[in-house]
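Undergrad: Here it is, the structure, as structure tokens.
The values are calculated or read from the model by the stated rules, or taken from the named source; none is laboratory data. The structure displayed is predicted, hence computed values, not measured ones. Methodologically, a virtual Cβ is constructed for each residue, glycine included, from the backbone with ideal geometry; neighbour enumeration extends over all protein chains shown. These area figures cover heavy atoms from the full protein model, side chains too; ligands, DNA and RNA do not enter into them. Shrake-Rupley method; radii C 1.70, N 1.55, O 1.52, S 1.80 Å.
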Amino acid sequence: MKPASFEYHVPDTLEQALGLMSQYADEAKILAGGQSLVPAMNFRVAQPGMLIDLNRVNELSFIREEAGTFHIGAMTRERHLEFNSSLAKRAPLLTEAAPFIAHPQIRNRGTLGGSIVNADPAAELPVLMLALDARLKAQNASGERWIEAHDFFAGMFTTALASDEILVEIELPFMPLRTGWSFMEVAPRAGDYALMGVAALVTLDENGKCKKAKLVYLNAGDSPVDAKESARLLEGAALNDALIESAAAMASEKEINPFGNIHTSIDFQRHLANVLTKNALKQAVKRAEENLQ
Amino acid sequence: MTRSFPVTITVNEKEYKREVEPRLLLSDFLRHELGLTGTHVGCEHGVCGACTILFDGESVRSCLIFAIQADGHSIATVEGLAKDKDDLHPIQQAFWEAHGLQCGYCTPGILMTLVPFLKQNPNPTEAEIRHALSGNLCRCTGYQHIVDAVKLAAEKMR
């Protein structure tokens, strides 16, 4: 189908975009990569009265490093994250997960900020923002504020952004030393929405014990699900298969809350979460041990 | 009806000036405004890949971009690949020789996906080829001959 008509604004600068947002916040929607919004408009599920297109705001597209932190512009294309060599070194979880985001043609156009603000619980990037302790910079005409990824996702397709705010920048700390990572998901076909997926991080201390662990799930609730209790089971211990199995059982049975859909039952999603957690944790531990030397 | 805006879009190295409504999809602009019907439209929600074109050299879905967003940009479509019908692009020639198509509906999108892929990756493995084509649905071939054609094309282009 074809989109309904809308008014269109295409600012060249962030300042212009913020001005438009303060004027039209109630009717306007931001057009970033458009890889979720435009399909929704083609289906007429979304019929915004106005689009403010950020694709000519070049100042929102960058990847910079500063004192142990990446600063990434919200309009940075997913494809640029995928092939950035600094990210591959300092935030390899992101690099590993990027090829799972839809298809190459979608990643050429889709943006980091767009996917975060879309807040689809089945999407990869919101999960990665939680796993990597991202901070998100929101701006409106009167100022800016930083929001922790943990406070950003408020539910299905819902975020903490006010109607006149634009997500402009994402701050990602470098992954800590002695940290192993893994991203795994199961989808019916490559590039489809995954039935279940997990990002796992394990940081070891100098003696090889688990100092910090993280397990974040996609398609496991109405937002990305951070399974804190299950991760806590691992912390302070020397990791072995039995502990990993307990954490996987706890996360898959207690902490996630999947809904099921036409492709999968809830039971199968829990089963996948269990298997993926075990495999991902084992891979993360192995990589952390390789990073010990 | 909302008002139209003037755009200047380069398609296959030729400049076109038109007036477009903001809601006009780039795929429909190419087909209906310019008569370039080689770009096919399948699902119109970014899943099938039939409408894949090059936007400033990168493969994208033309059904998920508005024509107005292409103002000042350079587009390449399947019509720009062959110099003439007896002088096919090496990827087209390989699809011909390896029988990489049956009904042909998905073919333009697949070809346009492959142009930048083989440029960036002149010696791809089968797994890389299948990943590159994961966003293009073909309901006829079962993909095997498409993969064969890509391997042949890579050989021809090295």
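Undergrad: When the helices in chain B are scored as -39500 (n - 2.57) per DSSP H run of 4 or longer and the sum is shared across all residues, what 222 nm value do you end up with, to the nearest 500 deg cm²/dmol? Display every interim value, and only then the final one.
TA: Working: 4 runs with 43 residues, N = 158.
Here the helix-only value at 222 nm equals -8000 deg cm²/dmol.
Undergrad: Taking the dipole about the Cα centre of the protein assembly as shown, with the C-beta of Lys and Arg at +1 and of Asp and Glu at -1, give me whichever of A:Phe259, A:Ile63, B:His89 is farthest to the positive side.
TA: B:His89
Undergrad: Now, a different point. How many angstrom separate the Cα center of region B:89-130 from the Cα center of region A:154-229?
TA: Between the Cα centres of region B:89-130 and region A:154-229 lies a distance of 35 Å.
Undergrad: Could I ask something else about it? On a 0 to 90° scale, report how tilted helix A:241-250 is relative to the longest principal axis of chain A, with both axes built from alpha carbons and the result rounded to the nearest 10.
TA: The helix A:241-250 is inclined about 40 degrees to chain A.
Undergrad: Identify which of A:Asp120, A:Asp267, A:Asp226 has the largest mean-square fluctuation in a Gaussian network model of chain A, with springs joining Cα atoms closer than 10 Å.
TA: With Cα springs under 10 Å in chain A, the top fluctuation among A:Asp120, A:Asp267, A:Asp226 is at A:Asp267.
Undergrad: At the nearest 100 Å², what buried accessible area, both sides summed, do you get for A and B when the probe is 1.4 Å? Working shown, then result.
TA: Numbers: alone 13550 and 8540 Å², together 19510 Å².
So the buried area, both faces added, is about 2600 Å².
Undergrad: Here is a further query. Step through the table entries A:Lys137/A:Lys286; A:Lys137/A:Lys212; A:Lys286/B:Lys119; A:Lys286/B:Lys151; B:Lys85/B:Lys151; A:Lys29/A:Lys137, compare each Cα-Cα distance with 28 Å, and write down the pairs that go over it. Mind dumping the intermediate values first?
TA: Details: A:Lys137/A:Lys286 34 Å; A:Lys137/A:Lys212 26 Å; A:Lys286/B:Lys119 35 Å; A:Lys286/B:Lys151 35 Å; B:Lys85/B:Lys151 22 Å; A:Lys29/A:Lys137 18 Å.
With Cα atoms farther than 28 Å apart: A:Lys137/A:Lys286; A:Lys286/B:Lys119; A:Lys286/B:Lys151.
Undergrad: Let me ask something else. Skipping prolines and chain starts, which residues have an amide H placed within reach, meaning under 5 Å, of the one on B:Ser74, given they are 5 or more residues away or on another chain?
TA: Those qualifying (amide H under 5 Å, at least 5 residues apart or on another chain) are B:Asp56.
Undergrad: To continue, here is another question. In whole Å and largest first, what semi-axes does the C-alpha gyration tensor of region A:179-292 yield when each eigenvalue is scaled by 5 and square-rooted? Intermediate results must be reported in sequence, preceding the final value.
TA: On the way: eigenvalues 128, 39, 21 Å².
After scaling each eigenvalue by five and taking roots: 25, 14, 10 Å.
Undergrad: Let me ask something else about it. Plugging the Kirkwood radius over Cα pairs into Stokes-Einstein for region B:90-157, at a temperature of 37 °C and a viscosity of 0.692 mPa s, what D comes out in µm²/s? Show your work: numbers first, answer last.
TA: Working: Rh = 11.5 Å.
The estimated diffusion coefficient comes to 286 µm²/s.
Undergrad: Once the Cα atoms of helix A:266-290 and of chain A are each reduced to a long axis, what angle between those two axes, in degrees from 0 to 90 to the nearest 10, is obtained?
TA: 70 degrees
Undergrad: Continuing with this model, one more query. From the helices alone, meaning DSSP H stretches of at least four residues, give me the mean residue ellipticity at 222 nm for chain A, per-run term -39500 (n - 2.57), in deg cm²/dmol to the nearest 500. Before the final figure, lay out each step's value.
TA: Numbers: 12 runs with 99 residues, N = 293.
Counting only the DSSP helices, I get -9000 deg cm²/dmol.
Undergrad: Using only Cα atoms, tell me the angle between helix A:14-24 and the longest principal axis of chain A; keep it within 0 to 90° and round to the nearest 10.
TA: So the inclination is approximately 70 degrees.
Undergrad: What whole-number value in cubic angstrom gives the convex hull volume per residue for the C-alpha atoms of region B:20-134?
TA: Numbers: hull volume 12.8 nm³, N = 115.
Cα convex hull per residue, to the nearest whole number: 111 Å³.
Undergrad: If you place +1 on the Cβ of every Lys and Arg and -1 on the Cβ of every Asp and Glu, how big does the dipole about the Cα centre of region B:80-143 come out, in debye to the nearest 20?
TA: Values: 5 positive and 6 negative charges, 40 e Å.
Charge dipole, region B:80-143, about its Cα centre: 200 debye, nearest 20.
Undergrad: Let me ask you something else. Among A:Leu281, A:Leu243, A:Asn207, pick out the residue whose Cα is farthest towards the positive end of the charge dipole of region A:207-293, where Lys and Arg carry +1 and Asp and Glu carry -1 on C-beta, about the Cα centre.
TA: Working it through, the farthest residue towards the positive pole turns out to be A:Asn207.
Undergrad: Related question: Could you tell me how many cubic angstrom of Cα convex hull volume chain A has per residue? Show your work: numbers first, answer last.
TA: Working: hull volume 36.3 nm³, N = 293.
Expressed per residue, the convex hull around the Cα atoms of chain A is 124 Å³.
Undergrad: What does the charge dipole of region B:1-82 about its Cα centre add up to, to the nearest 20 debye, if the Cβ of each Lys and Arg holds +1 and the Cβ of each Asp and Glu holds -1?
TA: Details: 7 positive and 11 negative charges, 32 e Å.
The calculated dipole for region B:1-82 is roughly 160 debye.
Undergrad: About the Cα centre of the protein assembly as shown, what is the dipole size in debye to 20, counting +1 per Lys and Arg Cβ and -1 per Asp and Glu Cβ, all else neutral? Kindly include the intermediate steps, with their values, before the conclusion.
TA: Numbers: 43 positive and 56 negative charges, 151 e Å.
The calculated dipole for the protein assembly as shown is roughly 720 debye.
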